[in-house]
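Everything on this sheet refers to the single structure shown next.
Here, each number is a calculation from the coordinates, and none is a lab measurement. Owing to the predicted nature of the structure, the values given are computational and were not obtained by experimental measurement. Every residue, glycine as well, gets a Cβ built from its backbone with ideal geometry; the counts of neighbours run over all protein chains shown.
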Amino acid sequence: ATPAFDRIFFEGFRPQSEIRNTLSRARALVLPSLRECGGAVVLEAFACGAPAIATRWGGPEDYITADTGVLVDPDSRDGFIAALFAAMNELAKNPGKASAMGDAARRRVEDNYTWTAKARQMAAIYEDVLAEAE
């Protein structure tokens, strides 16, 4: 078996023009940030069909469900490392599962985070407010 290090890439900064191609090739996005307030990169990965493995804290926790990725608790250093490894190993050994999670992730973005979905959500809020005012 090929060592995992041959299949893990630390991409670093990438120009926006390369993001879609990079994320589309990924088995999963791994975001081990301990204090990630936003997590927009999770939605970018989802839009490209990649599930996410991220810390259960802040922004990523708002986006990731059991169907779209894995949230890892940062309770202890050793536990965090072990859980990250387990999640990465699980998706590496089960490409079908990673693919299904990626498909669910893409659907989650399409259903909830496109401009059309946001407009639909805002319209529902306005309709509720107007109904209460009557």
Quiz item: Taking the chain as a Gaussian network, Cα atoms linked when under 10 Å apart, which of LEU43, LEU34, LEU23 shows the biggest mean-square fluctuation?
Solution: LEU34
Self-check item: Relative packing of peptides 83-93, 44-54 - highest average C-beta neighbours within 10 Å first
Solution: 44-54, 83-93
Exercise. Could you state the angle between the C-alpha long axis of helix 16-25 and the longest principal axis of the C-alpha atoms of the chain, as a value from 0 to 90 degrees rounded to the nearest 10?
Key: 70 degrees
Self-check item: In Hz, Karplus ³J(HN,Hα) per residue of region 67-80 (6.51, -1.76, 1.60; θ = phi - 60°; x = Gly, Pro)
Solution: 7, 10, x, 10, 9, 10, 6, x, 4, 9, 4, 5, x, 5
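Kindly put PHE9, PHE80 in sequence by how many other C-beta atoms sit within 10 Å of each C-beta, fewest to most.
Fewest-to-most ranking of PHE9, PHE80: PHE9, PHE80.
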Quiz prompt | Sum of side-chain charges, THR22 neighbourhood, beta-carbon under 11 Å (Lys, Arg +1; Asp, Glu -1) | solution = 0
Quiz prompt | Sequence-distant residues sharing a close amide H with LEU29 (under 5 Å, placed H) | solution = ALA52, ILE53
Quiz prompt | Gain upon complete extension [GLU132, ASN89; 0.36 nm per residue less C-alpha separation] | solution = 10.4 nm
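So between ALA82 and GLU18, what do we pick up on full extension, going 0.36 nm a residue minus the alpha carbon distance?
Working: separation 64, 0.36 × 64 = 23.04 nm, distance 3.09 nm.
Residue separation times 0.36 nm, minus the Cα-Cα distance, leaves 20.0 nm.
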Quiz item: So what's the Cα pair-distance distribution over region 4-133, bin width 5 Å, in %?
Solution: 2, 10, 18, 20, 20, 12, 6, 5, 3, 2, 1, 0, 0
Exercise. Would you please give the residues with an amide H less than 5 Å from that of GLY49, counting only those at least 5 places away or on a separate chain, with H modeled from the backbone geometry?
Key: ARG106
Self-check item: Calculated [θ] (222 nm, deg cm²/dmol) that DSSP helices of n ≥ 4 give over the chain, each run adding -39,500 (n - 2.57)
Solution: -18000 deg cm²/dmol
